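Here is the structure we will look at, set down as structure tokens.
Just so it is clear, none of the values below were taken in a lab; they were calculated from the coordinates. The model shown is predicted, which means the values in this text are computed figures rather than measured ones. Heads up, the Cβs are rebuilt from the backbone with ideal geometry, glycines too, and the neighbour counts pull from every protein chain shown.
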Amino acid sequence: MPEVSRLADQLRRSCFGEAWHGPSLQEILDGITAEQAQLRIAPQTHNIWELVLHVTCWNQLATRALNGTPLPEESESLCWPPIEDTSKAAWQKTLERMGGAVVALKEAAERLGDRHLEDIAPGRTYSTYHLISGVTQHNLYHAGQMALIKEALFP
């Protein structure tokens, strides 16, 4: 199996399931309502909704990078977009965008092919391999945060 296919599969697992470590993003978010997604475990912490937007942003930026658009220097500040609509419909759309962003990155990675994995990611000093695996790790890092928030608020 090509290495890029393995990376794409790990990315898919981080969001949609069959992850070795435990529940994926979708599994953790299953059943979370718009109201619950806005709750914080403490002041000055992120809520689940903000974390989903953040994960989505990084998957979108990485997809653009694999398609040739340099990652912006200020990507960290760009990737904490505000929640503009707190409705049930907006929450569902947020979840759909997250899943779509992961699928788009997976597909962009698969189109890339193994021969480009060591290319420098546009706008960075590290390889596209590092970018794809890093976004997968980032997804799982924030999935862990979401799981802790969910457990703390809804035991």
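Here is the P(r) of the chain: all C-alpha pair distances, binned every 5 Å from 0, give 2, 9, 19, 22, 19, 14, 9, 5, 2, 0 in whole percents. Going from the fewest other Cβ atoms within 10 Å to the most, the residues Ile41, Ile149 appear in the order Ile41, Ile149.
For the chain, find the longest principal axis of its Cα atoms and tell me its angle to the long axis of helix 88-112, 0 to 90°, nearest 10. Roughly 10 degrees between the two axes. Dipole magnitude for the stretch 3-153: about 120 debye, using +1 per Lys or Arg Cβ and -1 per Asp or Glu Cβ, origin at the Cα centre. Taking the C-alpha atoms only, the angle from helix 48-66 to the longest principal axis of the chain is near 10 degrees.
Legend note: in the chain, cysteines whose Cβ sits 4.7 Å or more from every other cysteine Cβ are Cys15. Relative to the dominant Cα principal axis of the chain, helix 3-16 is inclined by about 10°. Averaging Cα coordinates gives a centre for the stretch 113-144 and one for the stretch 33-55; these two points are 25 Å apart. Positive end of the dipole of the chain, charges at C-beta (+1 Lys, Arg; -1 Asp, Glu), about the Cα centre: which of Val52, Cys15, Leu153 has its Cα farthest in that direction? Working it through, the farthest residue towards the positive pole turns out to be Cys15. Mean residue ellipticity, 222 nm, helices only, the chain: the sum of -39500 (n - 2.57) across DSSP H runs of n ≥ 4, divided by residue count and rounded to 500, is -20000 deg cm²/dmol.
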